[in-house]
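The values are calculated or read from the model by the stated rules, or taken from the named source; none is laboratory data. None of the values given here were measured: they were computed from a predicted structure. Don't worry about glycine lacking a Cβ; one is built from the backbone with ideal geometry, like all the others, and counts go over all protein chains shown.
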Amino acid sequence: MDQQVLIAFLLTLFAGLSTGIGSAIALLSKRTNKSFLSVSLGLSAGVMIYVSFVELLPSAISTFTKIHSPTEANLYATISFFVGIVIIMIIDKLVPEQENPHEMKRIEDMNNENTSIKENENLNNPKLMRVGVMTALLIAIHNFPEGMVTFISGLENITIALPIAIAIAIHNIPEGISVSVPIYFATGSKKKAFWLSFTSGLAEPIGAIIAYFILAPFLNDNIYGIIYGIISGIMVYISLDELLPAAEEYGEHHLAIYGLIAGMAIMAISLILL
């Protein structure tokens, strides 16, 4: 059990700190590599959709079946799935579009926006700093429950937690860009921009720690079934509402589809090998 706890925590840490990858891409690039971003976003969507329907939702049903009839298990899993969709819809509605971590941004668009502000103000720009800090805070709040569910999934089944962690890690890369660029233009320090972006991902392992010490004693088959269903709903919504539209916007239609299929294939092979 101790080894499984460690692996679950490391998977959560990996997923959270991938914001640093996005930060590094933003700080080392002057323009967005549209083809790369399109394929990456499509890949992330493919991973999330495949995992949701092939692994998470069936796992929710099978977990509920341990203590309920097959009909009830299907009903509870389906309800959990749509509850997850409703939850993420409400979050997206409550968070302003400009500060929403799900709203993808081009590096050059952010550069142009921030440069126009800088032309009239000093380098140490409090407005830009506030944008970066607020984005980091929102991403941290957004990542906190992701860390909890990734870790809890790992406690139950590492095979399920691994694809979830990979999907979240890919999804967190654009979020790292959203934090690092405004911080860099506000302070002129790439080091500060990178570390603030990097540490915003620490909310996920912190969520894992809290989940272990507070929620773990209360976990049962009902809770696991609900969690799997909710995660699958959230992932499908994010994929269809944000990742795929952004993938098509940044690149050609077929690049997004190639990424989508590649993501599904990678997860299919991974689950077979596991």
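Points worth noting:
- ASN120 being part of a helix (DSSP H, G or I) and either at pLDDT below 60 or polar (S, T, N, Q) (or both): no
- Options ILE173, ILE206: the member that is surrounded by fewer than 24 Cβ atoms within 10 Å (Cβ to Cβ), touching a helix residue (DSSP H, G or I) at 6+ places or on another chain (Cβ under 6 Å) and not basic (Lys, Arg): ILE173
- Subset of segment 162-178 (residues that are of a type in the set (A, V, I, L, M, F, W, C), over 14 Å from PHE194 (Cα atoms) and out of contact with any Phe, Trp or Tyr (no Cβ under 8 Å at 6 or more places or on another chain)): LEU162, ILE164, ILE166, ALA167, ILE168, ILE170
- For segment 215-226, the set of residues classified as surrounded by fewer than 24 Cβ atoms within 10 Å (Cβ to Cβ) and within 23 Å of the chain's Cα centre (by Cα) consists of LEU215, ALA216, ILE223, TYR224, ILE226, listed by residue number.
- Taken over segment 239-258, the criterion of being out of contact with any Asp or Glu (no Cβ under 9 Å at 6 or more places or on another chain) and closer than 13 Å to HIS171 by Cβ is satisfied by SER239, LEU243, LEU244, ALA247.
- Any hit, segment 198-205, residues being assigned to a loop (DSSP other than H, G, I, E, B), within 20 Å of the chain's Cα centre (by Cα) and not charged (D, E, K, R): yes
- Pairs where the first residue, in segment 139-167, is among the hydroxyl-bearing types (Ser, Thr, Tyr) and the second is surrounded by fewer than 23 Cβ atoms within 10 Å (Cβ to Cβ) and not in a helix (DSSP H, G or I), C-beta under 7 Å, 6+ apart: THR159/LEU274
- Extreme residue, surrounded by the fewest Cβ atoms within 10 Å (Cβ to Cβ), among residues of segment 188-198 that are touching a residue at least 40 places away in the same chain (Cβ under 8 Å) and over 22 Å from ILE91 (Cβ atoms): GLY188
- Any hit, segment 110-117, residues being surrounded by fewer than 15 Cβ atoms within 10 Å (Cβ to Cβ) and modelled with pLDDT of 85 or more: no
- Residue list for segment 60-76, filter: of a type in the set (Val, Ile, Thr) and either outside any helix (DSSP H, G or I) or in contact with a His (Cβ under 6 Å, 6 or more places away or on another chain) (or both): ILE67
- Test: ASN220 is of a type outside the set (A, V, I, L, M, F, W, C), modelled with pLDDT under 80 and over 12 Å from VAL47 (Cα atoms): no
- Condition met for ALA211 (in a helix (DSSP H, G or I), at pLDDT below 85 and in contact with a Gly (Cβ under 8 Å, 6 or more places away or on another chain)): yes
- For GLY263, the criteria (1) in contact with a Ser or Thr (Cβ under 9 Å, 6 or more places away or on another chain); (2) over 23 Å from ILE49 (Cβ atoms) hold in every case but one, which is (2).
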